[in-house]
1. Starting from the stretch 70-85, take each residue that is over 18 Å from Gly27 (Cβ atoms) and list its partners that are at pLDDT 95 or above and of a type in the set (Gly, Ala, Ser), counting only C-beta distances under 8 angstrom and pairs at least six apart or across chains.
2. Hey, any hits in the stretch 69-78 for a residue that's surrounded by 15 or more Cβ atoms within 10 Å (Cβ to Cβ), in contact with a strand residue (DSSP E or B) (Cβ under 8 Å, 6 or more places away or on another chain), on the phi < 0 side of the Ramachandran plot and not in a helix (DSSP H, G or I)?
3. Please specify each residue of the stretch 93-109 satisfying the condition of being of a type in the set (D, E, K, R) and touching a Leu at 6+ places or on another chain (Cβ under 9 Å).
4. Inspect the stretch 24-32 for any residue being assigned by TED's automatic domain parsing to the domain that holds Gln61, acidic (Asp, Glu), surrounded by 18 or more Cβ atoms within 10 Å (Cβ to Cβ) and in contact with a helix residue (DSSP H, G or I) (Cβ under 9 Å, 6 or more places away or on another chain) and give the result as yes or no.
5. Restricting to the stretch 171-198, name every residue that is farther than 18 Å from Ala133 by Cα and surrounded by fewer than 12 Cβ atoms within 10 Å (Cβ to Cβ).
6. Exactly one of these conditions fails for His24: (1) over 29 Å from Ile146 (Cβ atoms); (2) assigned to a helix (DSSP H, G or I). Give me its number.
7. Can you pull out every residue in the stretch 127-141 that is touching a Leu at 6+ places or on another chain (Cβ under 7 Å) and closer than 18 Å to Leu78 by Cα?
8. Please verify whether the stretch 33-45 includes one or more residues that are over 19 Å from Ser203 (Cα atoms) and acidic (Asp, Glu).
Amino acid sequence: MSTFKLTYFDIDGGRAEPARLAMHIGGIDFEDYRFTFDRFNEVVSTTPLKQVPTFAIDGKQITQCNAILRYLGKKADLYPADDMQALLCDEVLEAMEDMTHKLVATFGLEEDALKNAREALVEGAISHYLKWAQSKLEEQGGEYFIENKLTVADLKVFVWIRGLNSGHLDHIPTTLVEEVAPLLNAHCERVAATPKIADYYSSRGL
């Protein structure tokens, strides 16, 4: 049997969190290797592209969070078998990753530069992506993004919405999602109530 190791920051969110959730839902054993931010340079010096997350299968490191998530989604029965539904699932994954890139580009900015950049995102790209994601959810009936059941697309959006609502992102109002795309908040609550996800966060004291 293969051994799995996921390497990422010691946070309950970010690019690795959907993969963690997929493995917990699927009952997949893995090493959840977490490190503090001050060890970033040390850790990424051992990774293929000098970035995280990485996912090691029997010691072989794989990069790219969406590639990792699709692989695990297939193993956990959280990825569509139908080609068209898989395409729609991938569309959501990649859109969320686009938005993540835009937000991460503001990390490292300070004071007015950070405030101005984040406020521009709130007024522009983030609100646009929220409305787009809500429209995709509505197209599928309003409960889940693909085939009216939980998939990795839901996990990806769930982690993104949870992050926006967290209050940990300076100059991103915690009311933004509710004001711009309230169906995504309802979706977030629905996913959070999934028994294995609720159990996972309870075990983390969250």
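The values are calculated or read from the model by the stated rules, or taken from the named source; none is laboratory data. Remember, it's a predicted structure, so these values are computed and weren't measured experimentally. Here the Cβ is made from the backbone with ideal geometry for all residues, glycine too, and neighbour counts use every protein chain on show.
1. Pro80/Ala86
2. No; the residues of the stretch 69-78 include none that is surrounded by 15 or more Cβ atoms within 10 Å (Cβ to Cβ), in contact with a strand residue (DSSP E or B) (Cβ under 8 Å, 6 or more places away or on another chain), on the phi < 0 side of the Ramachandran plot and not in a helix (DSSP H, G or I).
3. Hit for the stretch 93-109 is Lys102, nothing else.
4. no
5. Residues satisfying the conditions are Ala193, Pro195.
6. For His24, the failing item is (1).
7. Leu137
8. So far as the stretch 33-45 goes, yes, one or more of its residues are over 19 Å from Ser203 (Cα atoms) and acidic (Asp, Glu).
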